[in-house]
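Here the structure is laid out as structure tokens; the discussion comes afterwards.
The values are calculated or read from the model by the stated rules, or taken from the named source; none is laboratory data. Small disclaimer: the values here were computed from a predicted structure and weren't measured. Virtual Cβ from ideal backbone geometry, glycine too; neighbours counted across all protein chains shown.
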Amino acid sequence: MIRHVDEVPAGADLVVVGAGIVGAATAFFASRVGFDTVVLEARPGVATLTTPASTGAFRLQFDNRQEWELVRESVDIFERFAEVTGQDRHLPGIERHGYLFCTTDPARAAAQAALVERQHGWGQDDIELIDGDEVRHRFPYISPDVLSARFRAGDGFLDPVEVTRGFLAGSGATVVTGCPVDRIAGTDDCVTGVETPRGPVRARRVVVAAGPFSGQVLATAIGQLLPLSIVDRQKVVVPDLPEVPPGAPLTIDDDTGTHWRPFRGGAAVLFTDPEAPATVPKPFVPPDPENAAMVLDPASPRSAARIAPFWREVWERRPAWTAVTGQYVVTPDHRPFIGETPLPGLFVNTGYSGHGIMGSPAGSRLLVDVIVARQEVNPFDLTRDLDERERDVL
């Protein structure tokens, strides 16, 4: 059971700000090293902001070794979740449908081949490079225009809300919902705790894992230090679609970034524009009325029908759909910020740039090792070189 309380305790070894999957995983690994931990969540419940708006999937197909190693560790945690967390009430519900990245562009097909070769060099040799005919043999709904694809059958789906609850239940941490942090308290030399509308909490260690609101919380102590960008995201859920193969992998148009996965007897369809302007943190992101047409209308250059023609039939029937909205927290190099800020005792765990569900379990283990000085090398430290790089398609 999650240990919910109504009143904030007077003090703790560590305070975590935010009760999404990142904050929950942080609390869990903090408990593993013996910290008395308090989790403070501004919203009325845990895992109610960006976590449930995610795709709910994981993969080991990455374009950089650092994130690949991070997510590989997270996947191991997901696979042994009951054993790791010591509880079996909240489980990930893993479904291995695979991730299928399809391209119609000869240049991108060559890039896929080079990427798969690089991934094999890291030791991830179960990623396949498949030509167009073989793609259609395995997945008959794929367009004749697709030239090649990369595929890993071991990638798949999970329930991020249940993972969040499982981490919190396994942590034994004190969880206070409906309790925003007004200010991080401290001197010039160290953190002393946090202030909330329900009173202060003394602590020598504070971790900010507040998703889109992380920058605002950090600014109460260290100003606008971290270059975090907030980007709105939209997920279109179309239930009860007989055209969608229930065992289909997460299918990605590698040329546009539009992707879909089986969901609720139909599908969830997503596209986030890499050129989308940065915005401000929001407790609720209004649905974009044009987004559904952009990913569903075959006339759109970003339509899911571009590589999976059955979406044309879906569009002709004008099915009912709902929008699920959230925000990405993006860093300049599209890798998370995990580590200590210039104010001793103040740590951050955020900026996963769309990969928080699959990256944060291992990222949180890494952060706690940093806190207790067990980690010598941290590629996600705040002081790293932040050269921008091209973003992975998802």
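Below are the figures for this structure:
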read-out	value
Breaking point among (1) of a type in the set (Gly, Ala, Ser); (2) touching a helix residue (DSSP H, G or I) at 6+ places or on another chain (Cβ under 6 Å); (3) assigned by TED's automatic domain parsing to the domain that holds GLU69; (4) without any contact (Cβ under 8 Å) to a residue 60 or more places away in the chain, for ALA304	(3)
Any hit, segment 273-293, residues being closer than 22 Å to ARG150 by Cβ and aliphatic (A, V, I, L, M)	no
Residue list for segment 236-278, filter: basic (Lys, Arg) and in contact (Cβ under 8 Å) with a residue 40 or more places away in the chain	ARG261
Segment 84-123, residues that are of a type in the set (A, V, I, L, M, F, W, C), in contact (Cβ under 8 Å) with a residue 60 or more places away in the chain and within 23 Å of TRP260 (Cα to Cα)	ILE94, LEU100, PHE101, CYS102
Count - residues of segment 316-335 that are buried (at least 21 other Cβ atoms within 10 Å of the Cβ) and either free of Cβ contacts under 8 Å to residues at least 60 places away in the same chain or over 23 Å from the mean Cα position of the chain (by Cα) (or both)	1
Criterion (at pLDDT below 95, more than 30 Å from ARG136 (Cα to Cα) and not aliphatic (A, V, I, L, M)) met by exactly one of GLY193, GLY211, GLY199, GLY223	GLY223
Matching residues in segment 224-267 - criterion: being of a type in the set (Gly, Ala, Ser) and either surrounded by fewer than 17 Cβ atoms within 10 Å (Cβ to Cβ) or not in a loop (DSSP other than H, G, I, E, B) (or both)	SER229, GLY247, GLY265, GLY266, ALA267
Selection within segment 20-48 - under 23 Å from GLY339 (Cβ atoms) and either within 14 Å of the chain's Cα centre (by Cα) or among the β-branched types (Val, Ile, Thr) (or both)	GLY20, ILE21, VAL22, GLY23, ALA24, ALA25, THR26, VAL33, THR37, VAL38, VAL39
Residues of segment 322-354 satisfying the condition of being β-branched (Val, Ile, Thr), outside any loop (DSSP other than H, G, I, E, B) and in contact with a Gly (Cβ under 6 Å, 6 or more places away or on another chain)	VAL329, ILE338
Sole exception among (1) within 21 Å of the chain's Cα centre (by Cα); (2) under 30 Å from VAL39 (Cα atoms) for HIS97, by number	(2)
Scan of segment 268-284 for residues that are closer than 17 Å to VAL237 by Cβ, assigned to a loop (DSSP other than H, G, I, E, B) and in contact with a helix residue (DSSP H, G or I) (Cβ under 8 Å, 6 or more places away or on another chain), ordered by number	PHE271
Any hit, segment 355-368, residues being assigned to a loop (DSSP other than H, G, I, E, B), free of Cβ contacts under 8 Å to residues at least 60 places away in the same chain and buried (at least 16 other Cβ atoms within 10 Å of the Cβ)	no
